[in-house]
Structure formats: C-alpha cells, structure tokens
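Everything on this sheet refers to the single structure shown next.
The values are calculated or read from the model by the stated rules, or taken from the named source; none is laboratory data. The structure displayed is predicted, hence computed values, not measured ones. Cβ: placed from backbone, ideal geometry, glycine included. Neighbour counts: every protein chain shown. SASA here: full protein model, heavy atoms, side chains in, ligands and nucleic acids out. Shrake-Rupley method; radii C 1.70, N 1.55, O 1.52, S 1.80 Å.
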Amino acid sequence: MVFAFGVILFALGITVSIALHEAGHMWTARATGMKVRRFFIGFGPKVFSFRRGETEYGLKAIPAGGFCDIAGMTAIDVLEPDEIDRAMYRQKTWKRLLVMMGGIWMNFLLGFVLIFILAVGWGLPQLTAGAVVAETPCVTTTQNEDLSFPACSGPSPASIAGIRPGDVITSVGGTETETFSDVVAATQPLSGTVDFVVERDGEQLTFPVQVQQVQRWVSDGTEDGIRSATVGAVGVAREIVEPYNVLAAIPASFAFTGEMFVETAERLVQMPSKVADLWTSVTGGERDPETPISVVGASVIGGQLVERSLWPVFILLLASLNFFLGIFNLLPLLPLDGGHMAVTIYERIRNFFRNRRGLPNGGPVDYMKLMPATYVVIVIGGAYMLLTLTADIVNPIQLF
C-alpha cells in the first residue's frame, strides 16, 4: 500500500512539473500580450475541459506531457481575425524568447525549490561519485552500547599512511569500493598492513595502512539485533549530512544546484551511448543502473523510496527530473523549446544583416521546410522513449 502511494505521489510530482512548465509558457505569453488558446495536461482523448476568459483549460487521458497552444506560434498557424496582431511569430524577438524560456525557467525554479526543501529538512548529500574521505579522525578502541564513541586523540592509521581529506578510496586490499559503505565492509574483516588505493587529482595512489583492531557493535544478521565484535578500522570518515538553517540553505542550494546542472548535462550527453546498454537489458542482459529511466521507471523508484521512508532521495530524484526537463528542452531541435528559440535567433540575425544592407526584414521561417527534420527528431526520440519504457517494464532498475 505504501509502495503504491509512493508511485502515485511521484507520478503526481511529474504531472505538476509538466503543468508548471506549460504554465511558464502561458504566463509569459499573456504578460507579453499574446493569446493563449488552450492549456491542457496530457495527450489523447479529452477527459474534461472548461473555459475561463479566452483560454480553454483541460485534462486529457494520457498524462504523459502537456501543451500550451499560443496563437501564431508559427507562420503556418491558422489565425482568427482578432489573433493576427497578437500572433507569437509577429512579436519582437525578446518576447518570443521569453515565452520559450518561460517553461524551462519554471522547471529550474521548481528544481531549486525542491533542493532548498531538501537542504532545510535533511541536508544536502554529496554528489561526487565514490567513497570520498571527508576527514581522518582518531580511532577509538571501543564503542559505547548506545553506538556513540568515547573521546580519543592522535592521528589515525589512515592519516599516518598519507590518506588525506578529499581522496576517493577506490579499493581496499584488492576489493573495489564504489561507496563509503563498501570501504567499511572491506576494512572490518582485515588486520595488519593493507593497501588502500585512492584517487587524488586524477592520479591513483597506493598507501599501505596499518589496520587497527577495535571493538564495534555490528549487525548480527537479524532485523534489529546487534552484537559486539572485534573488527578492523583505519580512521576515515565520510561527510556528515546535516540540515541547514533557512539563511544558510540559500547559498548552499545555489551551489548544489550548480553541481546538479553539471551532472545532468553530462548524463544528457551520455544518453546516445546508453542505447546499447538499454537494448542489452531488454534482451535478457543485466540492467545497468546508470541507464536512463522512463516516467514509469522513475515512478516505481519513487514508490520504492517512499516504502523505505527515503524522502530525501525522493525529493532529490524529483528535483533532478526537473533539471533534466529544463536542460533537455534547451536542445536546438524542433519540436523542443530550444528548436523554436533557434529559429527565432536565426530570424533576428538574418534581419540584422538584411537591415545592414538596406533591406527590409525577411519573412518568417517556413516551418514546412523544417518538418522532415522535426519528424526525424520525433521518431528517434519516440523510439528512445519506447526502448527505455520497455526496459523499465521487463528489466527495471532494482535499488534494493
């Protein structure tokens, strides 16, 4: 029941994100004097609609997107007599660009708000991949029964060996470590001198570390049980995630948003190379957790996160989806917002040079000539979405 609630909640979050994207177009169009004919969420058969002013609002049966119908988005649009002067393609360049960016900025704003909520409520996680060392504290030989640690002093075995904060531990005693939990799991059974391989400034360095034997409370294999055991420790610690106060959360959220922009852009660039991995997962191979996911896959993961009360990850996933939608729509390809922006900028540059030569502005770009390229983008994009959706159905990513 909780899982189903999580799936529905994340799907609702996606729907709200799409609705606000289209609302960004609508609000900026109205603010610049354009006419918005229709504002719909979803595609396919109409479920219901109502009219307020000159705009029809409604919901369609397939909640996989939405649209905002602005009169005269292109010169091939059929216009009513009262729409001619308000047609979008007849407006100034800055107004058209503002309307196209309205939806994109709305996704960015929503993503930032979600990051701010995350910062205030739970703190901001580390985005850098790998087991990053935040500090090299001293190692206590015992641990209290309430899982706290007695005071200690002196350098840790890791710091004595040369490991520094900022290093990324990639292997312990020959065992690869992708996360900090892997480092702990690989270190606890060890004793004596063990090679720790770290990545520092793009280089791989090996440090022989003297593993110290200590007493710790570890899981005994039952759901809530723990037992005292002698395990290995070297004195490395990950960054502790703590909530920010409201004022401190603002600059921290901006910095974190910048990191997410970079990571999202990198993943967008990698999308074409993931086709082979998606095909492998569809045809019976192992699903690479780094492959893209569809709306269905994201909603299922959202359900898994809610089921385990992992609300910070839920919010982070929804924020990353909004950043992806915003950056993806910046691509200069029709029918994306970025494609319409590219046409608008082309017309402005062309008219600038025409005016320099004493010629009047040229006519609007003939979108009919761009339709073949648009269809190619639609077919390729649709095929990619279908492949991703199929992978999420037959071989979904398993987080737990």
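Table for the structure above
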item: Answer residue from the range 3-42, given it is more than 24 Å from the chain's Cα centre (by Cα) and open to solvent by 50 Å² or more (accessible area, probe 1.4 Å) and is nearest to N329 (Cα to Cα) among those; result: W27
item: Checklist (1) within 22 Å of the chain's Cα centre (by Cα); (2) open to solvent by 80 Å² or more (accessible area, probe 1.4 Å) applied to A319, failing item; result: (2)
item: Options R86, R96; residue that is open to solvent by 40 Å² or more (accessible area, probe 1.4 Å), among the charged types (D, E, K, R) and at pLDDT 90 or above; result: R86
item: Candidate set from the range 190-206 (those that are closer than 15 Å to V132 by Cβ and either of a type in the set (F, W, Y) or in contact with an Asp or Glu (Cβ under 6 Å, 6 or more places away or on another chain) (or both)); member that is surrounded by the fewest Cβ atoms within 10 Å (Cβ to Cβ); result: R200
item: Looking only at the range 125-184, and only at residues there that are out of contact with any Lys or Arg (no Cβ under 6 Å at 6 or more places or on another chain) and acidic (D, E), the one that is surrounded by the fewest Cβ atoms within 10 Å (Cβ to Cβ); result: D146
item: Residues that are at pLDDT 90 or above and surrounded by 13 or more Cβ atoms within 10 Å (Cβ to Cβ), drawn from the range 229-245; result: A229, V231, G232, A233, V234, G235, V236, P243, Y244
item: Leading residue by the ranking (farthest from M88 (Cα to Cα)) among those in the range 43-76 that are of a type in the set (K, R) and surrounded by fewer than 16 Cβ atoms within 10 Å (Cβ to Cβ); result: K46
item: Of the criteria (1) assigned to a helix (DSSP H, G or I); (2) touching a residue at least 40 places away in the same chain (Cβ under 8 Å); (3) open to solvent by 40 Å² or more (accessible area, probe 1.4 Å), which one V113 fails; result: (2)
item: Positions within the range 347-370 being of a type outside the set (A, V, I, L, M, F, W, C) and in contact (Cβ under 8 Å) with a residue 60 or more places away in the chain, in sequence order; result: E347, R348, G363, P364, D366, Y367
item: Per-region count, the range 371-386, residues closer than 16 Å to A64 by Cα and in contact (Cβ under 8 Å) with a residue 40 or more places away in the chain; result: 3
item: Flag for N107 being under 29 Å from the mean Cα position of the chain (by Cα) and either polar (S, T, N, Q) or modelled with pLDDT of 95 or more (or both); result: yes
